[in-house]
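Trainee: Once you've had a glance at the structure underneath, I'll fire off some questions.
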Amino acid sequence: MLFNSLGFFLFLPLVLAVHAVLPAGRRWAWLLIASYVFYASFEPSGALYLAAVTLVIYGCGWGMGQSAHRPIRIALLAAGLVVVLGLLVTFKFYDFVAGEVERAAAALLATDATFDLPRLGVAAPVGFSFYAFSGASYLIDVYVGRLEPQRHGGYVALYTAFFPKILAGPIERATTFLPQLGNGLRAHPEQIIAGTQLVVWGLFKKVVIADNLAPLVDRAFSIAAYASPVELLVAVYFFAFQIYCDFSGYTDIAIGVALMLGITLMENFRRPYLSRSTAEFWGQRWHISLGHWFRDYLYIPLGGSRAGSVRRYANLMSVFVVSGLWHAGLGYGVGWTFLVWGALNGLYQWIGLASARFWRRLGERLPRLSASTPLLIVRVLVTFHLIAIAWVFFRAASVAEAILILQKIAGGIGKMAALLPRYPFTGEHYLGFGLIALLIFVEILDERRSIWKRLAAAPLVLRWGVYYAAIFALLILGRWQAREFIYMQF
């Protein structure tokens, strides 16, 4: 029951209608039932894992609240994290690591004898990474005292299973989610309007932009060894916008649906391709909920920036390597590419940190230059291309293939002016370029002033003209084959 499927368009109105007529005290129970029905529609057995994780975090959290003895609290925290995160690591990496150990053993022993380890042959349930991290944050927040252990087991279950966010986030904190459940879960008219706008915009980004770019990306990456430099370059650019529109489209729909139900979820994207540095990209604009999770539960506990420069660099790299490992999943396989992707982004942070003093001093000496529009554009373009290079490792089937793609593009850069006019661009390409240009235009407007505030202040004819144009584009240009959202597979 994907957000872009007919089943969901039948499911959501039913959920909203029943939610609206139920007494305030019963709405949480209805949303919990709806969430399990939604989740079980993908794989019924996955609901068992979801229920098991919920019982573990509820039980361990309740136990920590009942005990004043630090050793017992530590034991309960450790037990909960081992179960929740241990399952995540096992699902994601056991079979991959077993295969790598077999290959390493065969190479070291230099023998034809087979060395076989048992395989699980089981993939992580859909969305497991997201609700596992939510569960882990609940346990840690209870342990450190940021959150009182929730006595209402149903509230904890809804926090873990809430259907708009369960497949691909945002990774909401219990500290902000649980207090909302006691407020009656009634959506105000402004929330319903804002939620509807976000759902339409999210669908537009997914089925009109991302899914129209996807075939061209898939085609080029599937024949990387034979594709021309132009085809690969276009595919790299298209993938950068495909993954952004796919993931942020899901988030927009999730936040919009939650608003319709009277729940506010955190912002997860903030026009990331307008970032002026990779630090800004990862720290403030892309997958914000995951970035904050790693900051609060990994980077700061490791010492953050307070433990000296060497430790600070090590902590930064640790965060990005772990992030790379977290992203490994069914979407593009489990392999070394994600580790390289994470380490490369960590390297970007090292370079940014090492050069920060130089840029600060330059800004002090040449303030007009540092604040100039041309320099801002250059910084945005450089940041985008650094991120796009890293995306190649994210999308490629292997590290060798990613390097081959980058080598072919680099080798053709000098001849690109001659190659571009001869490349047989199709209507699909021109549609993709046009959609990306439209997206960039909207995001630049939104950066200066919220696009929704602009629409609200616009004349009625213009406002509804935009709405009808969006709906028309969804009907005519949308690819409604229920293609999965990329991040729900991670």
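The values are calculated or read from the model by the stated rules, or taken from the named source; none is laboratory data. Because the structure is a prediction, the values reported are computed rather than measured. All Cβ positions, glycine included, derive from the backbone under ideal geometry; neighbour counts span all protein chains shown. With ligands, DNA and RNA removed, areas are computed over all heavy atoms of the protein, side chains included. Shrake-Rupley method; radii C 1.70, N 1.55, O 1.52, S 1.80 Å.
Trainee: If you look at just the Cα atoms of region 345-490, how large are its Rg and its Dmax in Å?
Mentor: 20.7, 56
Trainee: What's the longest piece of the chain with no exposed trypsin sites (Lys or Arg not before Pro), counting a site as exposed if DSSP puts it in a loop and it has at most 11 other beta carbons within 10 Å?
Mentor: It runs 152-305.
Trainee: In addition: Cβ neighbours within 10 Å, averaged per peptide: list 130-141, 258-269 in order, most packed at the top.
Mentor: Packing proxy ranking, top to bottom: 130-141, 258-269.
Trainee: Continuing with the same structure: For region 39-65 and region 351-401, what is the separation of their C-alpha centers, rounded to whole Å?
Mentor: Result: 42 Å between the Cα centres.
Trainee: Along region 267-284, what does the Karplus equation 6.51 cos²θ - 1.76 cosθ + 1.60 (θ = phi - 60°) give for ³J(HN,Hα), rounded to whole Hz, x for Gly and Pro?
Mentor: Here the 3J(HN,Hα) series is 5, 10, 9, 9, 6, x, 7, 9, 5, 9, 7, 5, 5, 5, 4, 7, x, 10 Hz.
Trainee: Kirkwood Rh over alpha-carbon pairs of region 2-145, then Stokes-Einstein at 4 °C and 1.567 mPa s: what D in µm² s⁻¹, rounded to an integer?
Mentor: My calculation gives 70 µm²/s for D.
Trainee: Could you order the peptides 427-437, 241-251 from most to least packed, using the average number of other C-beta atoms within 10 Å per residue?
Mentor: 241-251, 427-437
Trainee: With every protein chain present, what is the per residue accessible area of the chain (1.4 Å probe, Å²)?
Mentor: Computed with neighbouring chains in place, this is 47 Å² per residue.
Trainee: Next up: For region 364-467, what % of the accessible area comes from carbon and sulfur atoms, probe 1.4 Å?
Mentor: The computed percentage sits at 70.
Trainee: Then there is this: Counting C-alpha atoms alone, how compact is the chain: give Rg to one decimal and Dmax as a whole number, in angstrom.
Mentor: Cα only, the chain: 23.8, 77 Å (Rg, Dmax).
Trainee: Still on this structure, I have one more. Going from most exposed to least, what order do Ile253, Ile471 have by accessible area with a 1.4 Å probe?
Mentor: These residues rank, largest area first, as Ile471, Ile253.
Trainee: Looking at Gly427, Leu362, Leu455, which one has the Cα that reaches farthest to the positive end of the dipole of the chain (charges on Cβ: Lys, Arg +1; Asp, Glu -1)?
Mentor: Leu362
Trainee: Further question on the same structure: Whole Å is fine, so just give me how far the alpha carbon centre of region 1-24 lies from that of region 265-287.
Mentor: 31 Å
Trainee: Here is a follow-up. Put one equal scatterer on each alpha carbon of region 1-63, apply the Debye formula with no solvent term, and list log10 I(q)/I(0) at q = 0.22, 0.30 1/Å to two decimals.
Mentor: Result of the Debye calculation: -0.96, -1.14.
Trainee: Let me ask you something else. With a ≥ b ≥ c the root eigenvalues of the C-alpha gyration tensor of region 23-98, is it rounded (a/c under 1.5), prolate (a/b larger than b/c) or oblate? Walk me through the numbers before you get to the answer.
Mentor: Working: a/c = 4.51, a/b = 1.10, b/c = 4.10.
Oblate shape, in that a/c is at least 1.5 and b/c is the bigger or equal ratio.
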